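The values are calculated or read from the model by the stated rules, or taken from the named source; none is laboratory data. Note that this is a predicted model, so its numbers are computed, not measured. A quick note on method: Cβ atoms are made from the backbone with ideal geometry, for glycine too, and the neighbour counts reach across all protein chains shown.
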């Protein structure tokens with residue numbers, strides 16, 4: 001067994017700087033007109049986790065303040081937002097409003113923080129989130145409105161990560 005002096009000597013002979021990843025997290029947002037779900041990746045940007053749900057009720061300044069704080073506190077380098085189909089089975093006024101809101105929020109986030117915002121298709125992400133929660137044995141109805149939105153944001157991040165790895 002090596003003595004402390006031997007270990008110190010070996011350590012000095014093989015010393016090097018340990019460098020930790022300087023990569024930052026990604027923030028996923030499932031944008032709705034009343035509720036926004038948020039999810040984050042790890043710093044290696046390999047795994048996405050549900051983070052929280054915000055009921056913003058149309059107060060854009062409060063929402064943007066919350067997003068800026070989250071971006072700083074969680075060391076986020078990019079925002080990923082879900083975007084509904086322009087046309088298709090679920091198109092309509094709601095999709096048009098959410099698309100307009102997502103583009104508007106993206107422009108404000110970029111202008112306020114300098115961070116890039118990418119979009120991913122949010123098609124059936126809420127349904128997929130409900131199915132995941134159901135598969136986990138969660139009673140989705142008893143969890144309250146918006147509970148699926150953070151899981152939907154997680155799914156959006158997973159889609160983005162998958163696109164980047166292909």
- Query: Taking segment 41-90 only, how many residues are touching a residue at least 60 places away in the same chain (Cβ under 8 Å), farther than 18 Å from residue 107 by Cβ and not in a loop (DSSP other than H, G, I, E, B)?
  - Reply: 8
- Residue in segment 144-159 that is at pLDDT below 85 and either assigned to a helix (DSSP H, G or I) or under 17 Å from residue 84 (Cα atoms) (or both) present: yes
- Note on the structure: When every residue in segment 11-55 that is modelled with pLDDT under 85 and in contact with a strand residue (DSSP E or B) (Cβ under 9 Å, 6 or more places away or on another chain) is compared, the one surrounded by the most Cβ atoms within 10 Å (Cβ to Cβ) is 23
- Which members of segment 64-78 meet the condition of being in contact with a strand residue (DSSP E or B) (Cβ under 7 Å, 6 or more places away or on another chain) and under 22 Å from residue 125 (Cα atoms)? 78
